[in-house]
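**Student:** Here it is: the structure, laid out below.
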Amino acid sequence: MSRLRTEIPGPRSRELAGRRAGAVAAGVGSVLPVFVDHAEPGLLVDVDGNRLIDLGSGIAVTGVGNPAPGVARAVREQVDRFSHTCFTVTPYEGYLDVCERLAELTPGGHDKRSVLLNSGAEAVENAVKIARHATGRPGVVALDHGYHGRTNLTMALTAEEMPYKRGFGPFTPGVRRVPGSYPLRDGLTGAEAARRAVAAVDRPEGVACVVVEPIQGEGGVIVPAPGFLPALADWCRSHGVLLVADEVQTGFCRTGDWFACDREGVVPDLVATAKGVAGGLPLAAVTGRADVMDAVHAGGLGGTYGGNPIACAAAVAAIDTMRDLDLVAAARRIEATALPRLRGLAPDVVVQARGRGAMLAVELASADQAARVAARCHAAGVIVLTCGARGNVIRLLPPLVIPDGLLAEGLDVLEGALQ
């Protein structure tokens, strides 16, 4: 059970907030102004002793648990051996272990190669670099409502102006945004939405890649209509355009498959991953067709911290945990439990409940409603997130290992907040 010992935030968190104001840049926001002391399965415990039900997982990062025993053990063992050498200076086996697992798990049985990086934005940016180099083409296509990161190039790919882009331009040229598939809003079949998308592309012979989230996360947990992704993949193949799947949020069992592309058998040319891969440690990757990945000259990829040995050890342990606990099945159980309840909530307020696996959302009529519902949940000790281009979506990303009772209690709080 969730227990609140103080109001949210409590006195110790308020004290730390005062220190934060004098030390942390104002542009760094936080959803909930509590400071965490430690975590338990499905819970974050703050410095005032409040036990908060975690339906956010650090934005889909701690799916295997927080801390996950196997990950914590692997990190301790690795840090006692060595913490860093830089793989581009002196390599180590852990990097290979992660790349081999990525080749096995990502969609498609073809020959693959990977490069390890630090963040989702870095993975997407490198995927575009690789696609441009391999094809010799400059153009990049992204979708409405997409979110891909906070670097200059990934801001160009990202649709939402606030808070991600305003005042930070000019952005990388060569990016064209086209409509995606938003069944609630456009009423199109997947094939129709795909035809609309590609019709908006000028000169496909100049396009290196199409970058797509198989389920758009920050844009509002938008699940495309069936057939959209396969049709887009077919168009890419017919025009020599590479399909880049941004599986940063959807990957590693989050959507009830190892990767969201698996559901319709879509095999991207390049897959960008991060978030859930390493149980909370910073690690990201681009995995793709060997001929495409190997087209880049030696030294063209990499970085000082990319594939840090501690993060690699964490990733191997996290992937082993996903297999051992069958977290694909766990995500599907979360969907089976939560989505019917969400669809039955407050029909006068809820426009649509949707999602897949443990990536779920409730779209409300307005951003004001979403903000009030989220605030009520937070005050009751349940962490939920808001998202969507209009800010009107409540997003749920629970740990894949959340106990059934905590999930039910968190949904009870959400139901009360909506009422």
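**Student:** Looking at Arg376, Arg332, Arg372, can you tell me which residue is among the basic types (Lys, Arg) and farther than 22 Å from Pro9 by Cα?
**Tutor:** On the way: Arg376 fails: farther than 22 Å from Pro9 by Cα; Arg372 fails: farther than 22 Å from Pro9 by Cα.
Among Arg376, Arg332, Arg372, only Arg332 is among the basic types (Lys, Arg) and farther than 22 Å from Pro9 by Cα.
**Student:** Follow-up question, since we're still on this one. Looking at the structure I just gave you, is Leu406 under 22 Å from the mean Cα position of the chain (by Cα) and at pLDDT 95 or above? Show your work before the answer.
**Tutor:** Values: under 22 Å from the mean Cα position of the chain (by Cα): no; at pLDDT 95 or above: yes.
Answer is no for this residue.
**Student:** Let me ask something else about it. Taking the condition of being without any contact (Cβ under 8 Å) to a residue 24 or more places away in the chain, closer than 20 Å to Ala374 by Cβ and part of a loop (DSSP other than H, G, I, E, B), how many residues in segment 8-34 meet it?
**Tutor:** Number satisfying all stated conditions: 2.
Conditions (1) over 27 Å from Ile394 (Cα atoms); (2) among the acidic types (Asp, Glu); (3) modelled with pLDDT of 95 or more, marked per residue:
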| site | (1), (2), (3) |
| --- | --- |
| Tyr164 | no, no, no |
| Thr172 | yes, no, no |
| Arg196 | yes, no, yes |
| Trp235 | yes, no, yes |
| Phe252 | no, no, yes |
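**Student:** Does Gly279 meet the test of being in the same structural domain as Ala103 (by TED's automatic domain parsing), surrounded by fewer than 20 Cβ atoms within 10 Å (Cβ to Cβ) and not aliphatic (A, V, I, L, M)?
**Tutor:** no
**Student:** Do we have Thr273 as surrounded by 24 or more Cβ atoms within 10 Å (Cβ to Cβ), under 16 Å from Thr106 (Cα atoms) and in contact with an Asp or Glu (Cβ under 6 Å, 6 or more places away or on another chain) here?
**Tutor:** On the way: surrounded by 24 or more Cβ atoms within 10 Å (Cβ to Cβ): yes; under 16 Å from Thr106 (Cα atoms): yes; in contact with an Asp or Glu (Cβ under 6 Å, 6 or more places away or on another chain): yes.
Here the answer is yes, as Thr273 does meet what is asked.
**Student:** Just a yes or no: is a residue in segment 110-119 in a helix (DSSP H, G or I), assigned by TED's automatic domain parsing to the domain that holds Val244 and of a type outside the set (D, E, K, R)? Give the derivation first.
**Tutor:** Step one: of segment 110-119, the residues in a helix (DSSP H, G or I) are none.
Scanning segment 110-119 turns up no residue that is in a helix (DSSP H, G or I), assigned by TED's automatic domain parsing to the domain that holds Val244 and of a type outside the set (D, E, K, R).
**Student:** Go through the residues of segment 40-55 one by one and say whether even a single one is in contact with a helix residue (DSSP H, G or I) (Cβ under 9 Å, 6 or more places away or on another chain), closer than 30 Å to Val244 by Cα and not aromatic (Phe, Trp, Tyr).
**Tutor:** yes
**Student:** When Arg343 is evaluated against the numbered criteria (1) in contact with a Leu (Cβ under 7 Å, 6 or more places away or on another chain); (2) more than 30 Å from Thr135 (Cα to Cα), which criterion, by number, is the only one it fails?
**Tutor:** (1)
**Student:** Say whether the condition of being under 28 Å from Gly355 (Cβ atoms) and part of a loop (DSSP other than H, G, I, E, B) is met by at least one residue in segment 88-106.
**Tutor:** yes
Each row is one residue, and each column tells you yes or no for (1) of a type in the set (Lys, Arg); (2) within 30 Å of Ile8 (Cβ to Cβ).
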| site | (1), (2) |
| --- | --- |
| Asn50 | no, yes |
| Asp54 | no, yes |
| Val61 | no, yes |
| Pro67 | no, yes |
| Ala72 | no, yes |
| Arg76 | yes, no |
| Phe82 | no, no |
| Pro91 | no, no |
| Gly94 | no, no |
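**Student:** Charged (D, E, K, R), farther than 30 Å from Ala317 by Cα and surrounded by 18 or more Cβ atoms within 10 Å (Cβ to Cβ): which single residue out of Arg237, Arg195, Arg137 fits that description?
**Tutor:** Only one candidate qualifies: Arg137.
**Student:** What tally of residues in segment 296-315 results from selecting those that are among the aliphatic types (A, V, I, L, M) and surrounded by fewer than 21 Cβ atoms within 10 Å (Cβ to Cβ)?
**Tutor:** Residues meeting the conditions: 3.
**Student:** While we're here: State which residue is modelled with the highest pLDDT when the search covers only segment 1-36 and only residues that are exposed (fewer than 14 other Cβ atoms within 10 Å of the Cβ) and within 19 Å of Ile402 (Cα to Cα).
**Tutor:** Arg3
**Student:** With respect to Cys209, is the statement that it is over 28 Å from Asn392 (Cα atoms), at pLDDT 95 or above and either touching a Gly at 6+ places or on another chain (Cβ under 6 Å) or surrounded by 24 or more Cβ atoms within 10 Å (Cβ to Cβ) (or both) true? Please lay out each step first, then the result.
**Tutor:** Details: over 28 Å from Asn392 (Cα atoms): yes; at pLDDT 95 or above: yes; either touching a Gly at 6+ places or on another chain (Cβ under 6 Å) or surrounded by 24 or more Cβ atoms within 10 Å (Cβ to Cβ) (or both): yes.
Here the answer is yes, as Cys209 does meet what is asked.
**Student:** How many residues does segment 317-345 contain that are surrounded by 22 or more Cβ atoms within 10 Å (Cβ to Cβ) and under 17 Å from Glu93 (Cα atoms)?
**Tutor:** 3
**Student:** When you look at Arg51, is it in contact (Cβ under 8 Å) with a residue 24 or more places away in the chain, of a type in the set (D, E, K, R) and in contact with a strand residue (DSSP E or B) (Cβ under 9 Å, 6 or more places away or on another chain), yes or no?
**Tutor:** When the stated conditions are applied, Arg51 passes them.
**Student:** Show me the helices (runs of 4 or more DSSP H) found entirely inside segment 307-419 where at least 3 residues are under 30 Å from Cys86 (Cα atoms).
**Tutor:** Working: elements: 309-324, 327-343, 367-379, 404-418.
In segment 307-419, the matching helices (runs of 4 or more DSSP H) lie at 309-324.
**Student:** Any residue at all in segment 55-68 that's small (Gly, Ala, Ser), loosely packed, with under 13 Cβ neighbours inside 10 Å and not in a helix (DSSP H, G or I)?
**Tutor:** no
The values are calculated or read from the model by the stated rules, or taken from the named source; none is laboratory data. Note that the structure is predicted; figures quoted are calculated from it, not measured. Backbone-built Cβ (ideal geometry, glycine too); neighbour counts: all protein chains shown.
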